[in-house]
Amino acid sequence: MLKERFFNNAGAQILSDNYTIDPLRRIHLKEIEELIDQKRYFVLHAPRQTGKTTCMYALMRHFNAGTKYRALYVNIEGAQAVREEVERAMRAIVSVFTRVAELHLGDTSGNQLEEELIKRNKWDDALRLTIAHYSKNDHAQPNNPRPLILMIDEIDALIGDSLISVLRQIRAGYNDKPHAFPQSIILCGVRDVRDYRIHSSRTKEIITGGSAFNIKADSIRLGNFSKEEVNELYQQHTDETGQVFTEEARDLAWEYTKGQPWLVNALAYEITFRMKEMRDRTKAITGEIMRQAKERMVVSRATHIDQLVDKLQEPRVFNIIKPLLSGNENTMDFNPDDLLYCIDLGLITKNPETKQTEISNAIYQEVIPRELTWVLQMNLETTGEPQVWYLKNVDGVNLLDVDKLLTAFQQFYREHSEHWLKGMLYREAGPQLLLQAYLQRVVNGGGWIEREYGLGKGRTDLFVIWPVGPEPKQRIVIEVKVKREKDSLQATVKKGLEQTQAYMDRCKATHGHLVVFDPNPKKRWGQKIYKKKLTKTITLWGS
C-alpha cells in the first residue's frame, strides 16, 4: 500500500510526499524558456511561502533532464547572518556553490577553486570567478560544455554592501555569457530587484537595485493559486483517500485564502492531520469543519502569520494598513513605493472588480486586528466579566445578549479608551480595534466574528455568528463608523443605517447594530454615550 501524501505547510514541496500543483505550469514554462533561449537575466519574485523555491527546483530538474542546458539552483540565505561583511558573505556564498554543484551536477571541481580563493584571500570578485568556473566547466560533457542556467534564491536576504557586491559581480560577468558566464541567471526573492533601496556603508549612499543590476530584462511575479487550482489540490486528497471536501468547504477555503498557497495547504493540513477526528477518511470535510480550521489556525499564530504581523510595525506598512483599518475614504494618500512594497509582501492586493486596495484575503483581514489588540484581549480575558454574563437562555439555548454586551462596552470605552488608545500604534483605527477586541474575548470559543474593512468603505463591518454549529441561532451585524469632523452626526447615522441594512441583507442577518464613535475631545461623555432604536431590527449605539 502506498503511503498517504499530505498537504505541505513547511518548506519546498516534495512531490512524492505532498499534494502539489504542477510548479512548471504555475511559472508558465514556455515564457521562461523563451527568456532563457534569448540569454536573458531576469527576476522571479513573490511573497513568502507561495512556492518560489518549489518552482526553481522543478525548473532545475526540467533542464537537467534534457541535453540543451545545465541548471543549478543556489540558495544564498545563509549569507544573511554576516549582514554587510562582504568578505564573509562571499566566502559563505562560494561555499554554497561548491556544495550544491556537487549535489545537483556531480561536479566536485569547485573544492579546488574554493581552496585557491581562500589562499588568495581576495573576495571582491570571488563570486564572479566561481560562477565563471561552473559556466566554463561541464562535469558531464567536458569537451562540449552545455550553457549554464543559474538560479539564485533569497537574493533579498542580503543587505547593504554584500547585496551590492553580488549584483555588481554578476553584472561584471554578463558580457562573457554564454560560454564563460551563465546563459541566463534568474534572481529569486520577495521583491523585484528594481525596487531595492540599498544603503552602502562604504560610500554612505543609497544605491537602487535598478542601477546595480541594470542588465535585468524582465520581472515575473509568481501569483496565488486560482480557484480551480485550489479545487484541484484538494481533489488530489479526495482521489487518494476517498475523503471529500464539500462544495461549501471548497468555497470557504477560497473565500478565506484567495488562493494564497501556504494558507490553502495549511487549512487542509489542519483538517486532515491536526483534527484527530478528521483522520477518519470516511468523514466529509464540511463548511463547518473549514470554519473551525480557520479559527484554529488564526489562534495558533503560525510562523507564516507571525512573520506577516511583524511587518505591521514597519513605517512603510503602517502607512498603507492604517487607512485600510480605519476605512479612510481618501484614496489619494498612498506613497507608490509603500504600496508596491505591501503588494510584494502579499499583504494587500488590488481588487480586480472594484479596483480598490484591500487586504489580500479574509484570514489576513482577521489576523491583523486580532494581533494588533492581542495584549488587550489577554488583559480583558483575565480582568473582564466572564462570558456567561453576556448570555441569555432562550428555549434551552444560550444566546448572546448583544444589548447587554454593547452597553458594557460603552462603559468600558468611557473608562479605558484614553489609556488604550494612547499606546496604540494604529491609533486612528483605535476605536474599531478596541470594539473588535472586546467582542472577540466574549465570542471566543462560542461563535465566529467575520470582518470586512478597507479603503473607501468609511466603516468596519462585523458579522457575528452564534453559536458555532451547522445551524447558528443568531446572525448579527455590527456596523462600526467613526464620525468625521466634516460630517454631521445626522449624516453619519443616515449613511450608517443604509450600510447596516445592506450588510444585513447580504449576510442574511436577523439583527443589526450601528456603533458610532465620536472622537471630538470637546464633547462630554454624556453627549457621546446613547442608545436609540432606528428600526425594528437595527439599534444605534453612541460611544
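Read-outs throughout are calculated quantities, based only on the coordinates presented, and are distinct from any laboratory measurement. Values in this document were obtained by computation on a predicted structure and should not be read as measured data. Note: ideal-geometry Cβ built from the backbone for every residue, glycine included; neighbour counts use all protein chains shown.
Assorted remarks:
- With Cα atoms defining each centre, the range 82-132 and the range 236-282 are spaced 44 Å apart in the structure.
- Applied to the range 129-137, the Karplus parametrisation 6.51 cos²θ - 1.76 cosθ + 1.60 on θ = phi - 60° returns per-residue 3J(HN,Hα) values of 5, 5, 4, 4, 4, 6, 5, 7, 10 Hz, with x for Gly and Pro.
- Sorted largest first, extent of the range 421-543 alpha carbons per principal axis (Å): 47, 34, 29
- The separation of the range 153-168 from the range 32-77, counted between C-alpha centres, amounts to 18 Å.
- Counting only residues at least eight positions apart within a chain, or on another chain, the aspartates and glutamates with an alpha carbon under 15 Å from that of residue 39 are 31, 176, 218.
- Cross-link pairs exceeding 21 Å in C-alpha to C-alpha distance, out of 227/294; 483/531; 311/350; 276/508, comprise 276/508.
- Options 429, 23, 454, ranked by Cα towards positive dipole end of the chain, top entry (Cβ charges): 429
- The Stokes-Einstein estimate for the chain, based on a Kirkwood radius over Cα pairs and taken at 10 °C with 1.306 mPa s viscosity, is a diffusion coefficient of 60 µm²/s.
- Prolate/oblate/rounded label for the range 227-300 (Cα gyration tensor, a/c 1.5): oblate
- Peptides ranked, highest mean first, by Cβ atoms within 10 Å: ranges 17-30, 159-172: 159-172, 17-30
- Peptides 523-531, 140-148, 244-252 ordered by packing proxy, namely the average of other Cβ atoms within 10 Å per residue, highest first: 244-252, 140-148, 523-531.
- Relative contact order (percent, whole number), the range 478-543, Cα cutoff 8 Å, 6+ residue spacing: 34
- A Cβ-based charge dipole, computed about the Cα centre of the range 221-359 with Lys and Arg at +1 and Asp and Glu at -1, lands at about 340 debye.
- Rounded to 10°, Cα long-axis angle of helix 160-173 versus longest principal axis of the chain: 40
- Pairs beyond 26 Å (Cα-Cα), from 30/68; 322/533; 283/392; 392/536; 392/533: 322/533; 283/392
- The base-10 log of I(q)/I(0) for the range 23-221, evaluated at q = 0.09 Å⁻¹, reads -0.30 [Debye formula, identical scatterers on Cα atoms, solvent excluded].
- Working ranking of peptides 505-516, 273-284 by packing, defined as the average number of other Cβ atoms within 10 Å per residue, highest first, is 505-516, 273-284.
- The range 1-140 - Rg over Rh from alpha carbon coordinates, Kirkwood radius: 1.00
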